[in-house]
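The values are calculated or read from the model by the stated rules, or taken from the named source; none is laboratory data. Keep in mind that this is a model prediction, so the values were computed, not measured. Because the Cβ atoms are built from the backbone with ideal geometry, glycine has one as well, and the counts that use them run over all protein chains shown.
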Number of protein chains: 2
Amino acid sequence: MPAEKYCQMKKIFVLLPLCLPFLGSAQQKTAESLVQYVKPIVGTQRMGHTYPGATVPFGMVQLSPETDTAGYVKDGKYNPDVYKYCAGYQYDDQTIVGFSHTHFSGTGHSDLGDFLMMPTVGKLLLNPGTAGKPHSGYRSAFSHQNEVAEANYYKVKLDDYNITAELTTSARVGFHQYTFPKTDRAHIILDLMAGIYNYEDKNVWTYMRVVNDTLVTGYRQTSGWAKNRTLYFAMRFSKPFTNYGNADYSKKEVYRGFWKKFNQGDNFPEVAGRQIRAYFDFSASEGEKIKIKFALSPVSMDGALKNMQAEVPGWDFDQVKAAGQQLWEKELGKITIRSKSTDDKQNFYTSMYHTLINPTVYMDADGSYRGLDQNNHQAGGFTNYTTFSLWDTHRALHPLFNIIEPEKNADMVKSMLAHYDQSPEHMLPVWSNSANENWCMSGYHSVSVIADAIIKGNVSFDANKALDACVTTARRRSYEGIGFYMDMGYIPDEKNGNSVSSTLEYAYDDWCIAQIAKKLNRNDIYQEFIKRSQNFNNVFDAKAGFMRPKLADGTFRKQFDPLSTINEGFIEGNAWNYTLYVPHDPAKLIQLLGGDKRFIVYLDSLFTMNLPDKYFAETEDITRDGIIGNYVHGNEPSHHVAYLYNWTSQPWKTQQRVRMILPRMYKPTPDGLGGNDDTGQMSAWYIFSAMGFYPVAPGSDRYAIGSPAVDGALIQLENGKTFSIDVKNQSDKNVYVQKVTLNGKAVNRSYITHAEIMSGGSLVFYMSKTPSNSGFTVVD
Amino acid sequence: MPAEKYCQMKKIFVLLPLCLPFLGSAQQKTAESLVQYVKPIVGTQRMGHTYPGATVPFGMVQLSPETDTAGYVKDGKYNPDVYKYCAGYQYDDQTIVGFSHTHFSGTGHSDLGDFLMMPTVGKLLLNPGTAGKPHSGYRSAFSHQNEVAEANYYKVKLDDYNITAELTTSARVGFHQYTFPKTDRAHIILDLMAGIYNYEDKNVWTYMRVVNDTLVTGYRQTSGWAKNRTLYFAMRFSKPFTNYGNADYSKKEVYRGFWKKFNQGDNFPEVAGRQIRAYFDFSASEGEKIKIKFALSPVSMDGALKNMQAEVPGWDFDQVKAAGQQLWEKELGKITIRSKSTDDKQNFYTSMYHTLINPTVYMDADGSYRGLDQNNHQAGGFTNYTTFSLWDTHRALHPLFNIIEPEKNADMVKSMLAHYDQSPEHMLPVWSNSANENWCMSGYHSVSVIADAIIKGNVSFDANKALDACVTTARRRSYEGIGFYMDMGYIPDEKNGNSVSSTLEYAYDDWCIAQIAKKLNRNDIYQEFIKRSQNFNNVFDAKAGFMRPKLADGTFRKQFDPLSTINEGFIEGNAWNYTLYVPHDPAKLIQLLGGDKRFIVYLDSLFTMNLPDKYFAETEDITRDGIIGNYVHGNEPSHHVAYLYNWTSQPWKTQQRVRMILPRMYKPTPDGLGGNDDTGQMSAWYIFSAMGFYPVAPGSDRYAIGSPAVDGALIQLENGKTFSIDVKNQSDKNVYVQKVTLNGKAVNRSYITHAEIMSGGSLVFYMSKTPSNSGFTVVD
């Protein structure tokens, strides 16, 4: 019976949610598909480094087209394309090379792109060709008119072959559906050489075993960004191939005379080598669909096959697509927003989508996974994850998970602790990827993720063991200046290229450790680390008014350009931005910078100054749009900066800046991201900020209040409660918060707490076009 | 109480074995150590291709010194040294490069040599140096005076460093004991690049993880003779190293900027690369022993560590050595011989030793192993073996195992059936090695091993399944001419370089299949294969009197040199020798060759003709001594030939030839083997022949009677029974058998049967210096 009629019949039950047209919350929206607002194409143009292909939330498989890839070196020199093709797809390209099964989302470093598949017809070409000479290889022209990119669904017409390719996935299985024209020369190419961040020595080894005429298993070993990585596969065709073969493009081969009994390129079922491209031949009737299920495993070929059987036993493409989109609905539905603007909904749910891709599941369906120690392990009661871009994601992504994905976030912490147990350096992960540590970026920000979980009560792991792991990591003297930092309170500039930013980041991380120690009553550790957390003071040059490289003799380095990011003691940031990196003690920072007024001037200057052109050239991973004045939103160290006004007498400037940043940095278009999405951190910043609050210092239970850009939001908590946000009088002009109430009571401080959210309740913002102190009378 | 006194006291029990001084058997010898007669140094000079190092029976570890190794190509050309260094050790060399953990025994193809270790003192040199410039690298001079090679024990003084190195093993663990001079610069080098049959592209990848200051784990992947091979290790030092490091000798490396946080060559615990050499530093007091336990696993590093814990939990070198030698005593003791000649005992027990090395255990202590399908498997109720050189070993080694090692031989069959299950070509092994098939040599002789086991009743596997595997293998049309063979009854010379020898070998193998089918009442299969077994007739040229290459049109190839082994349609043999390769139907062969008299002339000619020099040059893997006339004992196809006289009117010539071959081809000296020992086949020929009988056609239950060279032998059977051989009046001149009795009854035929042996009993040979028909009145 239609709901409308039901309500008429049972007027007494008119308050039943079923009938409620509007309850001041987003509840009525739950019936609406949120997947429709996800635009995976966002960020695929310029520097977003996202990919348009198919994946499920946190999926091991990210099945997406490559328009090109690049190696680090070309003609003996650095190849800038290696950066451009981090995700293998650039919107402006004209051809598609094929569809591979693994992709980083929004990273600033290339890798993955495993197991590239490409359907073709006609003459068999085993090389990919080039963008300049596309017909010399198997790649095909395509156009965006014939392209569909949804959450867990990608479709494109390959113009050169008149083939429609469709892709969908489950967590561990990529599902291809290729619709062929009538042909007796259909080929499906499996290029085991191909990869993102590819060059000769990346491919260590590949193995392929043709089990029968519909099943192929194998593995690929690479030494790329992950130095020592193996990925196993099992591939099943919906239709027997009539013929198959391969070519080995490696230069040399060990002599094996007796193997010549077979033509190893032709229908020979055991293929092994460094540079292999394989093909499988079919004939097809007009419009015939040939489907491939391609399962991955970090453990074994057997594991991949079992993953396939567990997740995709049948051949119904639409069912797999629908199941994956249902998973997305469930995850996206954890926050339902109200907004008059479709663009805003697309921004919001595309951001949600991007936050729910990483970290990725790194474990077979049966719980076995390859550990950092290169042994296989069984995950005891948790899901093992990889792809931890922690320098980025500790800031807002993991805090977001502590609200909407606490169980998964606890499993991520367990994965980090397993990494620690398996680490011969006895360190928590820095940037871990596929059972490898690549030591990317600075700090030991695992401790921030762990502290945030513990402080927020999301602790299904052994908190004391976790604290020990944090402490051991933070005392690893041989790691990037920690010894100097421990002995001298800062890292001397002579000893480390990132001496200042590392000192600042360690100080924040140490504060996180102190917070855990305090909560666990481990006072000796608290004392040690709360002291270390003040080390930021040691690199502040009061004369210059900036954090500044300091020499071993205690003097500041003479050469100093606070606008430059190169050789100035900072990583991905300049002194102007990084000076503000004291998220755990803004009060002290304000004091260092001369007090309330001078601090406000500093912040205002940052956002409004005219950065000379030469400094843009230094920031390679963000577009010019990614910079506002000298505020660099495309790089993470400034992500908390707009919120620092909350610690001043002018909190409304936080509201103003946030509402300026949101529409400038996030658009629902291919070029909509101002910089790398950084495995979801950029998008997590959007989610928090659009809802009106932000975790300035993860490890604290507080969220700084900003300015919500939606009309309302309802957060479905895993504990069964809901937290609603209602924004009165919100508009592009009404960006200032007049007052805030929580469960009907005025909030007289510039923050809300995690406990307040998790208890459920109703947060109401009253917006205005006039700046005020927002009713924040308590400064803390 | 002394036995003598006991016997005096209890005279009534005088027949108790305890008191028996001599019972016409070798029983009284059981107290004597047989290990003392094993000389592992035999065959290390010239072409024996054995190694002098330590191993236990069928051990996974063969820990032995390398004096040098070679790659297949040198300066762009074939390098003959690759053949010379099949086992890594040549007696005439002056330096030792190090001690590696895996070696083939007596093969005609190089491989293995994994994980080379070398202790040094003084300046650290990480390259091995060359024989010509030994001081340029870590190798050391040594002399045979300071060298001891026993079963499971090897000792040598490294003159350059004044270090005494001792080696022993358990099945899966190599145990090193290095006695150092006083030094603060002791190094133990682990060369992960080194290997036998080594060149640039053989090393696919190596990984090493320093778990702590006494434990290192890792693995090595190679693509050598085994195309796709990984071997895992765990290495434990008896004393913490003070420092460690490595160098990567590979030419290129993928860029990983953040790894530069560490000096990866110095005390960095995670090492991965193509060409790694590592070192561990110690200081040592005068005479200090530093010990290393080095465990292997085909499955995982965890597996290697578990193997170490299971087999060698402690640090007592002498105990491990003694335990391994005790295993040898047990195996060697399965046949105790009587002989007046120490040389004969050394020949016999060194031969026994060489027969009990291969196949090798390829499974962890917990039963897991890497299968041919590159997946890990659990062996269900059997020990999994590898190193199956079946073209060699089906002839006498596996038949010998059916007598003295039936349980292990049945497990070897089970391993072959597992290989079949895992084979994407659905074939039984041809030459399998470390979860790889290398297709070496010709035929499908697994079926001979399986038939021999089934016919002799050694069947703890599924015989019908085994028959199916045999049949499927034998019908693999795409494999080396089988399709032609099935369609035409022979392989046309145009289609295959070994057309004649393959036709002959397939015919024999098919007869084996027919024997199984007959026993299992599978009449259709019997009919098919007994017919195929007569295919040898199709390549016999009656005009020439030889087996001869035949063209597809049915005519014999015109160009034909029956003395040449090159391009004449045979593999490792010429027409003169290979024409006699009809082991399953000598009667028919005699008929083809013109009847009894002409056949005897043929055989006599083979043994006595003068082979022109140019033909010696063609037989690269045997010394000139390995050839008698034109009879090539160093290659296996003639191993049954001396016994063929038994099918003629002059069986005494078998006795004469065998007694001529034995002392000429087997000597207890470094150069004592006339050709490659071929993983024990040459030695198995010795064991059988020295005891007076030989399995001419494995798959038959008969052993052709020859001429025993020992005075007696006692075979301890696994069923608890004993079979004794007593040889009356045996001497170098009394080589002719006058008569034979079995359990007191005259044997009037030229063979005994397997059942007769396995029932236990007493075989007595009466020897004479005069030839006779030996009492063989029944011709069969």
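Here are the numbers for the structure shown:
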item	result
Some residue of segment A:643-659 being within 25 Å of A:W439 (Cα to Cα), within 27 Å of the chain's Cα centre (by Cα) and not aliphatic (A, V, I, L, M)	no
Selection from segment B:301-344 of residues that are among the aromatic types (F, W, Y) and touching a helix residue (DSSP H, G or I) at 6+ places or on another chain (Cβ under 8 Å)	B:W328
All positions within segment A:72-85 that are farther than 22 Å from A:Q45 by Cβ and in a loop (DSSP other than H, G, I, E, B)	A:Y72, A:D75, A:G76
Top-ranked residue of segment B:261-299 - restricted to ones that are within 15 Å of B:W205 (Cβ to Cβ) and not acidic (D, E), ranked as surrounded by the fewest Cβ atoms within 10 Å (Cβ to Cβ)	B:Q275
Enumeration of residues in segment B:519-563 that are crowded, with 17+ Cβ neighbours inside 10 Å, basic (K, R) and assigned to a helix (DSSP H, G or I)	B:R532
Residue satisfying all of: in segment A:564-609; touching an Asp or Glu at 6+ places or on another chain (Cβ under 7 Å) and part of a helix (DSSP H, G or I); surrounded by the most Cβ atoms within 10 Å (Cβ to Cβ) among these	A:A575
Filter result (touching a Phe, Trp or Tyr at 6+ places or on another chain (Cβ under 7 Å) and among the polar types (S, T, N, Q)) within segment B:756-772	B:S768, B:T770, B:S772
In segment B:194-219, the residues that are at the interface with chain A (Cβ under 8 Å from one of its Cβ atoms), under 25 Å from B:K306 (Cα atoms) and among the hydrophobic types (A, V, I, L, M, F, W, C)	B:W205, B:V210, B:V211
Residues within segment B:683-720 that are of a type in the set (A, V, I, L, M, F, W, C) and part of a helix (DSSP H, G or I), tallied	6
Some residue of segment B:248-257 being among the small types (G, A, S), more than 33 Å from the chain's Cα centre (by Cα), more than 8 Å from chain A (Cβ to nearest Cβ) and more than 21 Å from B:T69 (Cα to Cα)	yes
Residues of segment A:321-339 classified as in contact with a Ser or Thr (Cβ under 9 Å, 6 or more places away or on another chain) and of a type in the set (D, E, K, R), total	3
Of all residues in segment A:157-188 being under 27 Å from A:R220 (Cα atoms) and surrounded by fewer than 22 Cβ atoms within 10 Å (Cβ to Cβ), the one that is farthest from the chain's Cα centre (by Cα)	A:Q177
Matching residues in segment B:34-71 - criterion: being of a type in the set (S, T, Y) and modelled with pLDDT of 95 or more	B:Y37, B:T44, B:T50, B:Y51, B:T55, B:S64, B:T67
Per-region count, segment A:473-495, residues under 14 Å from A:L551 (Cβ atoms), within 13 Å of chain B (Cβ to nearest Cβ) and surrounded by fewer than 23 Cβ atoms within 10 Å (Cβ to Cβ)	1
Residues satisfying the stated conditions in segment B:417-429, i.e. more than 8 Å from chain A (Cβ to nearest Cβ) and within 19 Å of B:G483 (Cα to Cα)	B:H426, B:M427, B:L428, B:P429
Members of segment A:86-107 that are assigned to a loop (DSSP other than H, G, I, E, B) and crowded, with 24+ Cβ neighbours inside 10 Å	A:C86, A:A87, A:G88, A:Y89, A:V97, A:H101, A:T102, A:H103, A:F104, A:S105, A:G106, A:T107
Residue within segment B:433-447 that is among the acidic types (D, E), touching a strand residue (DSSP E or B) at 6+ places or on another chain (Cβ under 9 Å) and within 14 Å of another protein chain (Cβ to nearest Cβ) present	yes
Every pair of residues 6+ apart whose Cβ atoms lie under 9 Å, when the first sits in segment B:115-132 and is farther than 24 Å from B:V61 by Cα and of a type in the set (G, A, S) while the second is assigned to a loop (DSSP other than H, G, I, E, B) and modelled with pLDDT under 95	B:A131/B:D68
Selected residue [closer than 25 Å to B:K518 by Cβ and either buried (at least 22 other Cβ atoms within 10 Å of the Cβ) or outside the structural domain of B:F104 (by TED's automatic domain parsing) (or both)] from B:S460, B:S432	B:S460
Residue match in segment B:220-228 (condition: part of a strand (DSSP E or B) and either more than 31 Å from the chain's Cα centre (by Cα) or within 11 Å of another protein chain (Cβ to nearest Cβ) (or both))	yes
Which numbered condition B:F262 fails, given (1) away from chain A (no Cβ under 14 Å); (2) among the aromatic types (F, W, Y); (3) farther than 25 Å from B:Y154 by Cα	(1)
Checking B:Y766 against (1) surrounded by fewer than 17 Cβ atoms within 10 Å (Cβ to Cβ); (2) more than 32 Å from the chain's Cα centre (by Cα), the condition it does not meet	(1)
Matching residues in segment A:108-147 - criterion: being polar (S, T, N, Q) and not in a loop (DSSP other than H, G, I, E, B)	A:T120, A:S136, A:S140, A:Q145, A:N146
Members of segment B:490-506 that are in contact with a Ser or Thr (Cβ under 8 Å, 6 or more places away or on another chain) and either over 12 Å from B:M441 (Cα atoms) or in a helix (DSSP H, G or I) (or both)	B:Y490, B:I491, B:P492, B:D493, B:N496, B:S501, B:S502, B:E505
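Rundown of residues vs (1) under 22 Å from the mean Cα position of the chain (by Cα); (2) basic (K, R), yes/no style:
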position	(1), (2)
A:V38	yes, no
A:Q62	yes, no
A:V73	no, no
A:K77	no, yes
A:C86	yes, no
A:I96	no, no
A:T102	yes, no
A:G108	yes, no
A:L124	no, no
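Table: residues versus (1) of a type in the set (D, E); (2) modelled with pLDDT of 95 or more; (3) closer than 22 Å to B:S683 by Cα; (4) surrounded by 24 or more Cβ atoms within 10 Å (Cβ to Cβ).
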residue	(1), (2), (3), (4)
B:A396	no, yes, yes, yes
B:P399	no, yes, yes, yes
B:A410	no, yes, yes, no
B:L417	no, yes, no, no
B:D421	yes, yes, no, no
B:S446	no, yes, yes, yes
